[in-house]
Structure formats: structure tokens, C-alpha cells
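Visitor: Before I ask anything, let me first share the structure, which is written out below as C-alpha cells.
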Amino acid sequence: MKRDYLRVFDLDREEFLSLIEKARELKINRNISYCPLIGKSIGMIFEKPSTRTRVSFEVAIYQMGGHPVYLSPRELQLSRGETIKDTALVLSRYLDALVVRTFEHEKIEELAKWATIPVINALTDLHHPCQAMADTLTIFEKKGKFEGIKIAYVGDGNNVANSLIEAAALTGANITVATPSGYEPHKESIERAKKFTEVTIINNPFDAADDADVLYTDVWLSMGEEGNEDKKRKFKDFQINRDLLKKAKADAIVMHCLPAHRGEEITDEVLDGHQSVVLDQAENRLHTSKAILEFLLTQ
Ligand code: CP
Ligand code: NVA
């Protein structure tokens with residue numbers, strides 16, 4: 001049966017950790033040609049802008065011998081009202097997998113329900129599971145373990161936060177999330193994650209950062225929320241800056257999925273500082289994309 005990767009919890013702990021290991025292996029052996037996708041075509045539908053996700057998937061598919069087919073919504077009959085169901089059924093007759101970035105998570109679930117090929121979530125309003133896998137690989141590279149690691153996420157309880165919580169759960173790392181009241185992450189992700197690890201949700205960024213090994217943030221306004229000045233105002237105390245970083249462990253790493261809004265959720269000084277690992281995170285999108293593609297397309 002085909003598998004999808006719409007959220008981190010679509011994988012079990014063993015599968016998730018084996019994909020991290022596979023991505024590490026592919027990264028180390030990056031100069032050795034490895035082409036498990038020869039003859040395969042992978043569609044990429046992006047309803048929102050993307051730099052990292054789109055480019056890393058296109059390059060991953062190319063380097064693995066496959067053919068990426070980029071489909072902007074404007075070029076598809078979807079934009080003229082063709083249903084998700086019909087689109088999924090038809091594209092499944094040509095393609096071997098679909099990588100999809102869209103708004104409502106229900107839309108990708110509907111697509112995956114009708115597609116007979118694997119569907120990979122390249123970001124929805126609710127989840128960003130490919131990002132979380134690259135983040136997990138980065139934490140392992142920098143810290144050498146997951147057990148006993150304390151992740152502090154400061155900012156909006158958004159798609160990135162939800163997927164990070166699910167990833168922390170599968171690795172066994174502890175996670176504390178600090179958001180303004182009313183912007184907490186998705187309840188269902190939190191409740192399921194609590195079955196695996198310690199998840200703490202609070203409203204004080206300094207308490208979250210206290211003794212953290214990993215300090216993570218993301219934009220206050222996600223794609224689709226541009227111009228919501230009222231929301232933005234509520235986040236002014238949820239910035240990763242020099243003072244907040246001082247609360248974390250001396251060897252803490254600073255993470256951000258990017259793109260960053262410099263001077264809002266993170267200062268230039270911290271984003272460009274020696275504790276920042278954001279470029280390694282971005283690079284790891286390539287290696288983890290390969291591991292995800294291989295897992296879903298060659299089993
Ligand atoms: N982190 C991330 O998903 O970046 P893009 O929006 O550039 O793909
Ligand atoms: N939360 C952000 C992540 C971008 C990669 C957004 O959805 O816009």
C-alpha cells in the first residue's frame with residue numbers, strides 16, 4: 001500500500017529515526033552517485049512561495065535520477081475549479097509521487113486520499129513535516145543525541161511548531177513551547193506527543209529558554225497572514241535576542257527554519273552569531289528530502 005508523509009506522526013519512531021540515519025549516510029556519501037529514482041517523475045504543486053523546499057526537492061530528485069515536474073497552481077486546471085479528487089486521480093496515472101505545498105491541511109489530506117501515489121507535505125497551515133526531519137538531523141549532528149536534550153521553541157504555535165513537537169516526541173527529546181496566550185500549537189499534536197515525551201506549553205519565553213540545548217523560533221506571521229499587525233503586536237516579547245540566549249545553556253544552538261524576519265522574531269546578531277545553525281538546517285533539507293523520497297518510492 002502506498003504511504004504518504006503529511007505529518008511527522010505518519011511515521012513511527014523506528015521509521016523516523018531510520019530516515020534520519022539514511023539522510024546522514026546520504027550526506028556523508030554525497031559525492032557517490034545514487035540513483036534509485038531513475039525513470040520516476042515527481043510532481044511538485046506549490047500554492048505558496050518557497051525557496052528551500054522547492055529547490056531542495058528539485059535538486060534531490062535530479063540527483064537521485066528522477067524527473068521533477070514543477071506545477072504552479074496557475075498552470076493546473078485546479079485553478080479553474082477542477083476538483084482535488086479528479087486532479088489526484090489523473091496525476092496518479094502519470095506521476096510516481098506528489099510534493100505539495102498548500103493552505104488548509106484538509107486539502108492535502110483530500111489529495112492523498114484519492115492519489116494512488118505517495119503524497120509528501122511540503123508545508124500546510126498545520127504541519128511542516130519535511131522541515132522537522134531536517135531540524136532533527138541538525139540537532140543530532142550538533143548534539144550527538146536526543147535523550148536529555150531540551151528544545152525551547154519561542155514564538156507562534158504554527159505549522160513549524162506542530163511538526164517540531166511531533167519530531168521531538170519520536171526522538172524522545174523534551175520540548176517547551178512559549179507562545180502568547182491564544183497562539184499555542186495544535187492541541188492534538190501536543191496530546192499525542194505527550195504519550196512519548198515531556199511537552200510543556202507556557203507563555204513566558206524566558207522560562208522556556210532556561211537551560212535549553214536548542215533555541216528555536218519562526219516568523220510571527222506565516223504565509224497567508226501578512227498584514228495582521230494586531231497579531232504581530234502580541235509577539236513583541238517573543239524574540240530570540242542576546243538576553244534570551246543568555247538563559248539557554250552556554251553551548252546552546254539557535255535554530256530557525258527560514259525565511260526569517262530579521263529584527264522581529266530574531267535579531268541579526270543572534271541569527272548571524274556563532275551559535276546559529278540555520279544554514280546547516282537549510283542544507284539538511286536536501287539530504288532529508290532524499291531520505292523521504294527513497295522511503296516512499298522504493299519500498
Ligand atoms: N523552511 C522552508 O520551508 O523554506 P521555504 O519556504 O523557502 O521552502
Ligand atoms: N511558518 C512559516 C514557515 C515558512 C517555512 C509559514 O508557514 O509561512
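The values are calculated or read from the model by the stated rules, or taken from the named source; none is laboratory data. Every value quoted in this text rests on a predicted model; they were computed, and no experiment measured them. As a convention, Cβ positions derive from the backbone with ideal geometry for all residues, glycine included, and neighbour counts pool all protein chains shown. Each accessible area value is taken on the protein alone, full model and side chains, heavy atoms only, with ligands, DNA and RNA left out. Shrake-Rupley method; radii C 1.70, N 1.55, O 1.52, S 1.80 Å.
Visitor: Going by alpha carbons, how many degrees (0 to 90, nearest 10) lie between the helix axis of 52-63 and the longest principal axis of the chain?
Guide: Computed tilt is about 40 degrees.
Visitor: A further question follows. What does the net charge come to around Val69 if you take all other residues with beta carbon closer than 11 Å to its beta carbon, with K and R at +1 and D and E at -1? Before the final figure, lay out each step's value.
Guide: Details: positive: Lys40; negative: Glu58, Glu75, Asp96.
Charge balance in the 11 Å sphere: -2.
Visitor: Show me, for region 280-294, the HN-Hα J-couplings you get by feeding each phi into the Karplus relation (A = 6.51, B = -1.76, C = 1.60, θ = phi - 60°), rounded to Hz, glycine and proline as x.
Guide: Karplus values, whole Hz, x for Gly and Pro: 5, 4, 4, 4, 5, 4, 5, 5, 6, 4, 5, 5, 5, 4, 4.
Visitor: Still on this structure, please answer the following. Cross-link candidates for Lys40: which lysines have Cα within less than 25 Å, leaving aside residues fewer than 8 places away along the same chain?
Guide: Lys2, Lys22, Lys27, Lys48, Lys85, Lys107, Lys113, Lys290
Visitor: Take peptides 15-21, 273-279 and line them up by average Cβ neighbours within 10 Å, highest first, as a rough protection proxy.
Guide: Details: 15-21: 18.1, 273-279: 14.7.
Taking the mean over residues of other Cβ atoms within 10 Å, the ranking is 15-21, 273-279.
Visitor: Hey, any idea what % of region 1-138's accessible area is carbon plus sulfur with a 1.4 Å probe?
Guide: Of all accessible area on region 1-138, carbon and sulfur atoms account for 51 percent.
Visitor: Net charge around Val277, counting only other residues with Cβ within less than 9 Å of its Cβ (Lys, Arg = +1; Asp, Glu = -1)? Working shown, then result.
Guide: On the way: positive: Lys142; negative: Glu141, Asp280.
With Lys, Arg at +1 and Asp, Glu at -1, the neighbours total -1.
Visitor: Tell me the accessible surface of Ser92 in square angstrom (1.4 angstrom probe, heavy atoms of protein chains only), to the nearest ten.
Guide: The accessible area comes out at roughly 20 Å².
Visitor: Looking at region 1-139 only, what percent of DSSP beta bridges run antiparallel? Nearest 5 please. Display every interim value, and only then the final one.
Guide: Details: 0 of 14 bridges.
So the antiparallel bridges amount to about 0 percent of the total.
Visitor: Once the cut-off is 27 Å, how many percent of the Cα-Cα pairs in the chain end up in the long-distance tail?
Guide: Numbers: 17277 of 44551 pairs.
Within the chain, distances greater than 27 Å cover 39 percent of Cα pairs.
Visitor: Using Cα centres only, tell me the gap between region 71-103 and region 150-189 in whole Å.
Guide: That distance is 31 Å.
Visitor: Rounded to the nearest whole Å², what accessible area per residue is found for the chain with the 1.4 Å probe?
Guide: With all protein chains present, the chain gives 44 Å² per residue.
Visitor: Within 13 Å, Cβ to Cβ, of Ser18, how many net charges do the neighbouring residues add up to if Lys/Arg are +1 and Asp/Glu are -1? Before the final figure, lay out the partial values.
Guide: Numbers: positive: Arg13, Lys22, Arg24; negative: Asp12, Glu14, Glu15, Glu21, Glu25, Glu294.
Net charge around Ser18: -3.
Visitor: Over the residues of region 198-296, compute the C-alpha Rg and express it relative to 2.2 N^0.38 Å.
Guide: Details: Rg = 15.0 Å, N = 99, 2.2 N^0.38 = 12.6 Å.
Its radius of gyration relative to the 2.2 N^0.38 Å reference: 1.19.
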